[in-house]
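Here's the structure, in structure tokens; my notes come after.
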Amino acid sequence: MSNKQKGLVEKLVSAKGNNSAFRKEANIIASFLTRQYQESFNGKPAETLAVVIMRAGEALLPAFQKRFSGLKIGRIYAKREEKTLNCRVQKVDLPKVSVKRVIILDPMLASGGTIDASIKLLRDKYQVGPQNIVVIAVFSTKKGEERVKRKHRGVKILSLLKDLELDKKGFILIPQNQSGFATFDFGDEYCGR
């Protein structure tokens with residue numbers, strides 16, 4: 001992890017519990033990830049669909065809209081079962097458009113269940129191959145990334161902080177300075193409860 005990434009994570013974690021401060025730090029991280037996407041994948045908005053995993057994915061969307069005007073947007077509403085960590089898609093709001101690339105915006109790639117279910121749904125609807133799908137996350141676990149890559153060979157994952165672990169409840173353990181780890185619900189911190 002670079003010093004820049006470490007600083008971004010530290011500021012976000014320290015803003016936990018303060019919605020406006022958390023939003024500010026999340027927006028800075030989203031802008032950083034947007035630049036990384038553009039540099040790494042030659043990101044262009046033409047025939048690209050950004051799919052927001054609700055609610056937490058809303059934190060990443062404004063930076064992508066600002067950088068890529070004309071970006072097509074869809075939303076997947078999903079809930080993770082607390083006991084099994086499996087995902088249940090509750091609602092889908094996807095445009096009827098032709099796309100060549102799909103960007104999935106979800107700040108927390110934990111067990112990989114939500115991303116797995118979303119990719120299956122998107123591949124069926126848009127006939128987009130996994131090599132044309134990019135997952136954008138702030139934090140991702142080794143377990144979640146392995147699941148997604150095993151089930152969808154060719155999917156690319158861009159994450160600010162990778163190879164993290166899960167706690168017993170399925171939350172990502174985020175390094176916190178010298179005081180151990182932090183866990184939080186990104187959607188609650190960004191949007192409020």
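Below, the figures for the structure above:
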read-out	value
Residue that is open to solvent by less than 30 Å² (accessible area, probe 1.4 Å), in contact with a strand residue (DSSP E or B) (Cβ under 8 Å, 6 or more places away or on another chain), farther than 26 Å from residue 121 by Cα and of a type in the set (A, V, I, L, M), where the choices are 12, 33	12
Filtered residues of segment 78-109 (kept if under 16 Å from residue 149 (Cα atoms) and touching a Leu at 6+ places or on another chain (Cβ under 6 Å))	102
Verdict on residue 17 being surrounded by fewer than 16 Cβ atoms within 10 Å (Cβ to Cβ) and part of a loop (DSSP other than H, G, I, E, B)	yes
From 140, 159, 111, residue being within 18 Å of residue 86 (Cα to Cα), of a type in the set (Gly, Ala, Ser) and within 12 Å of the chain's Cα centre (by Cα)	140
Count of residues meeting criterion [of a type in the set (Gly, Ala, Ser) and within 23 Å of residue 164 (Cβ to Cβ)] in segment 3-52	9
Residues (open to solvent by 40 Å² or more (accessible area, probe 1.4 Å) and in contact with a Ser or Thr (Cβ under 7 Å, 6 or more places away or on another chain)) located in segment 46-71	47, 67
Index of the failed condition, residue 165 passing every other in (1) out of contact with any Phe, Trp or Tyr (no Cβ under 9 Å at 6 or more places or on another chain); (2) among the acidic types (Asp, Glu); (3) at pLDDT 90 or above	(1)
Complete set of residues in segment 170-192 that are out of contact with any Leu (no Cβ under 9 Å at 6 or more places or on another chain) and within 15 Å of residue 113 (Cβ to Cβ)	171
Residue list for segment 15-30, filter: touching a strand residue (DSSP E or B) at 6+ places or on another chain (Cβ under 9 Å) and of a type in the set (Gly, Ala, Ser)	26, 30
Flag for residue 118 being open to solvent by less than 50 Å² (accessible area, probe 1.4 Å) and either touching a residue at least 40 places away in the same chain (Cβ under 8 Å) or more than 25 Å from residue 161 (Cα to Cα) (or both)	yes
Test: residue in segment 131-152 that is aromatic (Phe, Trp, Tyr), out of contact with any Cys (no Cβ under 7 Å at 6 or more places or on another chain) and open to solvent by 20 Å² or more (accessible area, probe 1.4 Å)	no
Hits in segment 153-175 - residues which are open to solvent by less than 60 Å² (accessible area, probe 1.4 Å), of a type outside the set (A, V, I, L, M) and assigned to a loop (DSSP other than H, G, I, E, B)	154, 167, 170
Segment 176-191 residues that are part of a loop (DSSP other than H, G, I, E, B), paired with ones that are open to solvent by less than 20 Å² (accessible area, probe 1.4 Å) and modelled with pLDDT of 75 or more (beta carbon under 6 Å, 6 or more apart)	176/13; 176/182
Segment 46-89, residues that are of a type in the set (A, V, I, L, M), assigned to a strand (DSSP E or B) and over 11 Å from residue 103 (Cα atoms)	54, 76, 78, 89
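The values are calculated or read from the model by the stated rules, or taken from the named source; none is laboratory data. Just so you know, these numbers come straight off a predicted model, no measurement behind them. Neighbour counts run over all protein chains shown; Cβ positions are idealised from the backbone, glycine included. What goes into the accessible areas is simple: the full protein's heavy atoms, side chains included, and nothing from ligands, DNA or RNA. Shrake-Rupley method; radii C 1.70, N 1.55, O 1.52, S 1.80 Å.
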